[in-house]
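The structure appears right after this line, and notes come after that.
The values are calculated or read from the model by the stated rules, or taken from the named source; none is laboratory data. Here the structure is a predicted model, which means the values were calculated and not measured. Virtual Cβ from ideal backbone geometry, glycine too; neighbours counted across all protein chains shown. For accessibility, only protein heavy atoms count, side chains too; no ligands or nucleic acids. Shrake-Rupley method; radii C 1.70, N 1.55, O 1.52, S 1.80 Å.
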Amino acid sequence: MLEALRRIVQEVNNARDLEQALAIIVQRVKLAVGADVCSVYLNDFDKRHHVLQASDGLRAAAVGRVRLEMGRGLIGLVSERAEPINLDDAFNHPRYQCITDTGETSYHGFLGAPIIQNRKVLGVLVLRQRDKRHFDDAEVTFVVTLASQLAGAITFARTSGELARLQDDGIPQRFLPGLAASPGVGLGQAVVVYPPADLDAVPDRVPEGVEGEIDHFREALDQVAADLDRFASHTHSHLGAEDMALFDAWRLMLESDTLVDGTIGRIRAGNWAPGALRETIAEHTRVFDAMDDAYLRERASDIRDLGRCILMHLQNRTVDPLRYAEQTILVGEEISALQIAEVPRERLAGIVSTKGSGSSHVGILARSMGIPAAMGVSDLPVSRVEGREMIVDGYRGRVYVSPTPAVRTEYLRLAEDDVALTKELKALCHLPAETTDGYQVPLYLNTGLVSESRPLGIEESAGVGLYRTELPFLVRDSFPGEAAQMANYRQVLELFAPRPVTIRTLDIGGDKPLPYFPMQESNPFLGWRGVRITLDHPEIFLAQVRAILRAAVGLDNLQLLLPMISTITELEDALQLIHRAHDELREEGYQVHMPPVGVMIEVPAAVYLIDSLARRVDFLSVGTNDLTQYLLAVDRNNPHVAELYDEFHPAVLRALMQIVSGARVHGREVSVCGEMAGDPLAIFLLLGMGVHSLSMGAGSLLRVKRVIRSISRARAREVLQMTLQCEDGASVRRLLLDELESMGLGALVRPGR
Ligand code: PEP
Ligand code: MG
């Protein structure tokens, strides 16, 4: 059964569309269990129907036509209860219904399993037997497992099928839900980026010239053949005959008509070489995947490997910078900071990814650039949207593909509102961030996630509150030396002088592993990260601190910040190394000064150590991104738990209050540099608590300034007190939203005026 399950899942994943995926399911499941009928009903939530969407055993003409009212019959019961129902004599069950339109005859044995994705029942997988039959435990487990395994594939296929139909018959436009990652509305054309040599992630695309594309494909085949020859001649002395035979098999496949002619045919039919190759390989692997013989099934993975090799050569061509549409919506399963940086900024209208969440580093980057973004849009069929018109609603995390004219018109209006808002906010650029009762809250900039000689937000900010130093470490193939690092830090210190610049020491690990510094960890966010790495490698830490101190000579606007501190020993060790770097540089004749040193409060342990930490440092900076993740035990990058990730959770608010009051005892200032600081809703809370300064991405500076200039500190304290009565984050958010709306500032956090 397990083997049958594995194969069905694989076949469904390779299916062309919804229809094929469901046809595979019903045929294979019926056969594996030996039932009379296997069908899939999918829920149509708009019309409140269960629609017969596939069947092996019922009349073919009924598929797509027969609709049961939601909640009726045994299908309705499975859907309602969201659990499997196994009946040996369904005929005598009060909810039994026989629908003659389907050609079904009366039945007794019934097994229905709900297909559930994210707590939502998408449909029901049903088995029926004319005679009485009790499906045994193994069969029930098989069907239940299959239904749950297939939920994602069905959602994906369903959505892509819907997309295709959307264009044909203009059924009402639905949006694809995701997570709000960066506010704003973006309209443009989808440009899909995908990881190199990932065949499944290759999009369909119209080739520029068919003959050129075919030549390109043939060149790639020749290159793979040459690679194989080279590799075979290098390794023949130490490979067995069986392994060597694999090379011959690959050569044969490379020359086979099905691969060569099949792909060329698809190029001629209008797909570019990588897309055509993806389709050909998928077709081949489907055949092998369906074979009973385990050895032959393994050949499917050989074919996939061969496909990847060809793709690698196809992708070796240089990327044409002009392929970015004028209004590019950058789309991908996962999008990296480098892929974002590659798009000319004036062309980047939006970012959409199927994975990740707003609190991942790419979400932070989008916000700091002021680019509307939705992440975790898991239903988006990435490979099928290249070149399509797309709308991103970054306020609500919604994406529309090929929108209807009505949706487009509405969003054009909202985009105009956004432009007007931006213009209005620009007028605040040179005004102080001061409350109506005269309290100043310096607003600093978070920068360093992408390389730019003049980051956005220079004019609007009071300096840099968080300079992330990971980038030069991430984009190279070895650690950058002291001189290279110094040049980097000098640039930012000079750019902002005399305003302060807070440089954070290296915070790699977690979701920022170094390619040349391999770490295999099952829980990277709980592992070797930030100061834990640099203290274990004092040579890396010392080189960085030396570079930072030297960069500040003559400017004296530097502050140093230590990430991920969770023990006093870590802090003391780090301080000792900083003093050592300082003293050594003085001995070497550099006019360096000891800068103010602060710690990030981003691990719950640090909250409870606030007194001991505050005593030893000059300032504290709260990293709410990690603090929230660690306090709530919610991975900040995982869209499945993104709804639980909540900076307004009462536990986070209480931790923040504890930090501020602990710091006050020692007269230390507290800044917040996590994303919470850039959220207009959070300002009431942070101001009310007495946080001294805020640091945020460039895109948030003026929105936050707008809120600060509209409220008094006294009112912020009152609002804080009200939120402290709330027992969950959603209530806090509602309360803050009401407050913002009552001030006429709702447009800062939602689309429209
Ligand atoms: C944080 O954790 O809040 C923070 C600012 O650091 P980073 O997002 O770089 O982990
Ligand atoms: Mg952090």
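Can you tell me the equivalent ellipsoid semi-axes for region 326-380? Use √(5λ) from the Cα gyration tensor, largest first, whole Å. Walk me through the numbers before you get to the answer.
Values: eigenvalues 53, 29, 18 Å².
Sorted largest first and rounded, they come to 16, 12, 9 Å.
Set Lys and Arg Cβ to +1 and Asp and Glu Cβ to -1, take the dipole of the chain about its Cα centre, and tell me which of VAL732, PRO84, LEU380 lies farthest positive.
About the Cα centre, the residue reaching furthest to the positive side is VAL732.
In nm², what is the average projected area of the convex hull enclosing the Cα atoms of region 55-94?
For region 55-94, averaging the hull's shadow over all directions gives 3.7 nm².
Give me the compactness ratio for region 15-58, meaning the Cα radius of gyration over 2.2 N^0.38 Å.
Details: Rg = 11.3 Å, N = 44, 2.2 N^0.38 = 9.3 Å.
Cα-based Rg divided by the globular estimate yields 1.22.
Hey, rough spin-label estimate for ASP738 and MET70, points 7 angstrom out along Cα→Cβ, what's it come to in nanometres?
In this crude spin-label approximation the distance works out to 2.9 nm.
Let me make sure I get this right: for region 370-516, a, b and c are the square roots of the gyration tensor eigenvalues over alpha carbons, sorted descending. Under 1.5 in a/c it's rounded, otherwise prolate if a/b > b/c, else oblate. Which is it?
Details: a/c = 2.78, a/b = 1.27, b/c = 2.19.
Taking the square roots of the gyration eigenvalues as a ≥ b ≥ c, region 370-516 is oblate.
Kindly provide the Kirkwood hydrodynamic radius of region 527-604 in Å, to one decimal, from all pairs of distinct alpha carbon atoms.
Working: mean 1/r = 0.0774 Å⁻¹.
Result for region 527-604, one decimal place: 12.9 Å.
If one computes the Cα centroid of region 715-747 and of region 493-527, what distance in Å separates the two points?
About 34 Å separates the Cα centre of region 715-747 from the one of region 493-527.
Rounded to whole Å and sorted largest first, what semi-axes of the equivalent ellipsoid does the C-alpha gyration tensor of region 705-751 yield via the square root of 5 times each eigenvalue?
Values for region 705-751, descending: 18, 15, 7 Å.
For region 58-143, list log₁₀ I(q)/I(0) at each q in 0.11, 0.15, 0.27 Å⁻¹, using the Debye formula over Cα point scatterers of equal strength and ignoring solvent, two decimals each.
With one equal scatterer per Cα and no solvent, log10 I(q)/I(0) is -0.29, -0.55, -1.47.
Compute the long axis of helix 18-33 from its Cα atoms, compare it with the longest principal axis of the Cα atoms of the chain, and write down the angle in degrees, 0 to 90, nearest 10.
Approximately 60 degrees, to the nearest 10.
So what's the back-of-envelope 222 nm ellipticity for the chain, counting only DSSP H runs of four-plus at -39500 (n - 2.57) apiece and dividing by all residues, rounded to 500? Write out the running numbers ahead of the final one.
Values: 25 runs with 334 residues, N = 753.
The helix contribution divided over the chain gives -14000 deg cm²/dmol.
Taking the radius of gyration and the Kirkwood hydrodynamic radius from Cα positions alone, what is the Rg/Rh ratio for the chain, to two decimal places?
On the way: Rg = 29.5 Å, Rh = 29.1 Å.
Here the Rg-to-Rh quotient is 1.01.
Give me the angle, in degrees from 0 to 90, between the Cα long axis of helix 482-496 and the longest principal axis of the Cα atoms of the chain, rounded to the nearest 10.
70 degrees
Listed here are the pairs LYS30/LYS132; LYS355/LYS426; LYS426/LYS705; LYS47/LYS355; LYS47/LYS120; which of them are more than 21 Å apart at the Cα? Working shown, then result.
Values: LYS30/LYS132 16 Å; LYS355/LYS426 33 Å; LYS426/LYS705 11 Å; LYS47/LYS355 30 Å; LYS47/LYS120 16 Å.
Table pairs above 21 Å Cα-Cα are LYS355/LYS426; LYS47/LYS355.
Just the number, please: Stokes-Einstein D of region 1-142 in µm²/s, Kirkwood Rh from C-alpha pairs, 25 °C, 0.890 mPa s. Write out the running numbers ahead of the final one.
Values: Rh = 15.1 Å.
After rounding, the answer is 163 µm²/s.
Which distance in nm do the two modelled labels at ALA61 and TYR608 give, with both placed 7 Å along the Cα-to-Cβ direction?
For ALA61 paired with TYR608, the spin-label model returns 7.2 nm.
Using a 1.4 Å probe over the heavy atoms of the protein chains, calculate the carbon and sulfur portion of the accessible area of the chain as a whole percent.
Details: 16480 of 32260 Å².
Ligands and nucleic acids excluded, carbon and sulfur reach 51 percent.
How large is the accessible surface of ARG7 in square angstrom, using a 1.4 angstrom probe and rounding to the nearest 10?
40 Å²
Given N residues in region 604-675, what is Rg(Cα) / (2.2 N^0.38 Å)? Could the numbers behind the result be given before it?
Working: Rg = 12.8 Å, N = 72, 2.2 N^0.38 = 11.2 Å.
For region 604-675, the normalised Cα radius of gyration comes out at 1.15.
Quick one: compute a quarter of the convex hull surface over the Cα atoms of region 430-565 and quote it in nm². Walk me through the intermediate numbers first.
On the way: hull surface 38.3 nm².
Averaged projected hull area, Cα only: 9.6 nm².
By how many degrees, 0 to 90 and rounded to 10, does the Cα axis of helix 257-268 deviate from the longest principal axis of the chain?
Tilt of helix 257-268: around 70 degrees.
Rg and Dmax in Å for region 324-449, alpha carbons only: what are they?
16.6, 54
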